[in-house]
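K.L.:
Take a look at the following structure, please.
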Amino acid sequence: MDMNMTMNSTTMDMTMQMSFYWGRNVTILFSGWPGSHHHNPGMYILALLFLFAIAFTTETLSVWPKIKPNQSPVAAGLTQASVYAIRVSLGYFVMLAVMTYNVGVFIAAVAGHTIGFFAAKTSSLSMTKPSEPEASF
């Protein structure tokens, strides 16, 4: 077998989509996942739901954890730094998935972030006590 032909075929296999497309034949985050199941869209839908959950979780972690008044500053800092590291890691996973340029992946990521943002902000607003309205004279 010719070495140049092997190198060229390997290089061609590693090309990446550079424009948005709609289709189930996509690799998200891991080689072979969700796979190319042309007749079974179940794995593609599962991958989109998984990506939605990652994006949702990324947003909900932005309002958690709350610092307790009696908590040590070091423990509070370590807890917040750990949650931040997880949140940033999940955000990078979503970014890498969106780089597939698949429209379904893009929609799942944006929907997860949007609904997660709504859920996080709604829950954080419901946890804060409204201040007493000032009397107007």
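The values are calculated or read from the model by the stated rules, or taken from the named source; none is laboratory data. Only a predicted model underlies this, so the values are computations on that prediction, with no experimental measurement involved. Glycine gets a Cβ as well: all are built from the backbone with ideal geometry, and neighbour counts include every protein chain shown. Accessible surface areas use protein heavy atoms only, side chains included; no ligands, DNA or RNA. Shrake-Rupley method; radii C 1.70, N 1.55, O 1.52, S 1.80 Å.
K.L.:
Can you tell me which residue in the stretch 16-30 is farthest from the chain's Cα centre (by Cα), limited to those that are open to solvent by less than 60 Å² (accessible area, probe 1.4 Å) and closer than 20 Å to residue 54 by Cβ?
P.N.:
So, considering only residues that are open to solvent by less than 60 Å² (accessible area, probe 1.4 Å) and closer than 20 Å to residue 54 by Cβ, the one farthest from the chain's Cα centre (by Cα) is 26.
K.L.:
Of 55, 76, which residue is within 25 Å of residue 117 (Cβ to Cβ), more than 22 Å from the chain's Cα centre (by Cα) and open to solvent by less than 50 Å² (accessible area, probe 1.4 Å)?
P.N.:
Only one candidate passes the filter, namely 76.
K.L.:
In the stretch 67-95, what residues are outside any helix (DSSP H, G or I) and in contact (Cβ under 8 Å) with a residue 12 or more places away in the chain?
P.N.:
67 - this is the single residue of the stretch 67-95 that is outside any helix (DSSP H, G or I) and in contact (Cβ under 8 Å) with a residue 12 or more places away in the chain.
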